[in-house]
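Working notes for the structure below.
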Amino acid sequence: MEHHQDDEQARWLEWRRGGVGASDSPAILGVCPHRTRMAVYLDKVGAAKPRKQTETQEWGIRLEPLIAAAYAERADLAIVQRQACLESTEHPWLRATIDGIAEDGRIVEFKSLGLHAANEFRAPVGEWWRLPENWLVQGNHQMLVAGQEWVDFAVFLPLELRIYSVPRDEKLCRLILDETQEFWACVEDGVPPRTVDPRDHERIQFAYPKAEGVLTLDAPE
């Protein structure tokens, strides 16, 4: 069973490398707190070290079925599909792995927050615009891929479930399209993208340890 799960994970990772996913877009737009644009590029071209699953991520996966069941009961909407891997027909470089799709077609993302993240969370019930920027980018990316107008975030804070319904933002969607298209052209050409985070230079040094002198990144013309 474990070998089968490893094979499925490997196939999913390979599929994910073939395009820009919803969790990639926040880094590409420079709003991801723990990942940079260069980190995404190195992953896509196969030059990054495999990332180990953190304990927080492990518990997020363990809790997801419980959050999904609670959401379905609270929202009175059945989840008809879990972990849906979608590709955009209009924008072929865009992909998304969606936590859940409800019976009315809306996208549902299941989030669980640890104590530190919960203490930093600043979105009262009903104020979806105060969700973290990277979540809003992720959700709009998913709406682009799925052709939907709404995404629900079911957020589990310690002993509390909150649901935020986020509408599609066409201006943000256009920004996602422009930035990810430019980024994916860099991946296809094997040309490092322009950087938006000083940590990217450290990642370049790590990825190419045998390079001599000062490494510079030239943006494609």
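The values are calculated or read from the model by the stated rules, or taken from the named source; none is laboratory data. Since we're looking at a predicted model, the values are computed, not measured. No Cβ is skipped: glycine too gets one built from the backbone with ideal geometry, and neighbour counts run over all protein chains shown. Calculation scope for accessible area: heavy atoms of the full protein, side chains included, ligands and nucleic acids excluded. Shrake-Rupley method; radii C 1.70, N 1.55, O 1.52, S 1.80 Å.
Some points to look at:
- Cα centroid of region 106-123 to Cα centroid of region 11-47, whole Å: 21
- Candidates 167, 33, 50, ranked by Gaussian network fluctuation over the chain, Cα under 10 Å, top entry: 50
- Kirkwood-type radius of the chain, with distances r between different C-alpha atoms, in Å: 18.6
- Taking a Cβ cut-off of under 10 Å around residue 164, the surrounding Lys, Arg, Asp and Glu residues balance to a net charge of 0, with basic ones at +1 and acidic ones at -1.
- Label-reachable residues, region 37-72, where backbone N falls under 16 Å from a point 7 Å from residue 10's Cα toward its Cβ: 50-51
- What a 1.4 Å probe finds exposed on the chain is 51% carbon and sulfur by accessible area, rounded to a whole percent.
- Between 39, 117, 154, the Gaussian network model of the chain with springs among Cα atoms under 10 angstrom shows the greatest mean-square fluctuation at 117.
- For a paramagnetic label modelled on residue 74 (point 7 Å from Cα along Cα→Cβ), amide N atoms under 11 Å away belong, within region 144-165, to 153-165.
- Note that the chain presents 59 Å² accessible area per residue, ligands and nucleic acids not counted, probe 1.4 Å.
- Residues in region 40-63 that a label on residue 85 would reach, taking backbone N under 14 Å of a point 7 Å out along Cα→Cβ: none
- What you get for region 49-194, charging only the Cβ of Lys and Arg (+1) and of Asp and Glu (-1), is a dipole of about 420 debye around the Cα centre.
- For the chain, built as a Gaussian network whose Cα springs stay under 10 Å, the top-fluctuating residue of 111, 44, 52: 52
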